[in-house]
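Before any comments, here is the structure.
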């Protein structure tokens, strides 16, 4: 079981790195997002509304990948800790 630990750590590092990169990308996208309610259809507000809709589309596209990578990273973290703890317990017993 301990032979799989280095491989799991490498996989965890890749998944967590991708997760952090997507979090950074999401933060740069939402930096210019504003909480506005557009009540009229004037050309000035139509342009702002289009920009906000574009930001929202990008965020909604990234959100499922963020959830999957975050969950996978959490599961791998728990698995690595469990394997390490199990191995330490086995060594203490012998």
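Taken together, the values in this text are just the output of simple stated rules run on the coordinates, not laboratory data. Note that the structure is predicted; figures quoted are calculated from it, not measured. Note that we place each Cβ from the backbone using ideal geometry, even for glycine, and neighbour counts take in every protein chain shown.
Take each peptide in 46-56, 8-18, count the other Cβ atoms within 10 Å of every residue, and average; sorted highest first, the result is 8-18, 46-56. Spin-label model, residue 13 to residue 49: label points 7 Å out along the Cα-to-beta-carbon direction sit 5.0 nm apart. Full extension of the chain segment joining residue 90 with residue 74 gains 3.3 nm, where the gain is 0.36 nm per residue of separation less the Cα-Cα distance. Set the Förster radius R0 to 25 Å, insert the Cβ-Cβ distance between residue 3 and residue 66 as r into 1/(1 + (r/R0)^6), and round the FRET efficiency to 0.05. It comes to 0.20.
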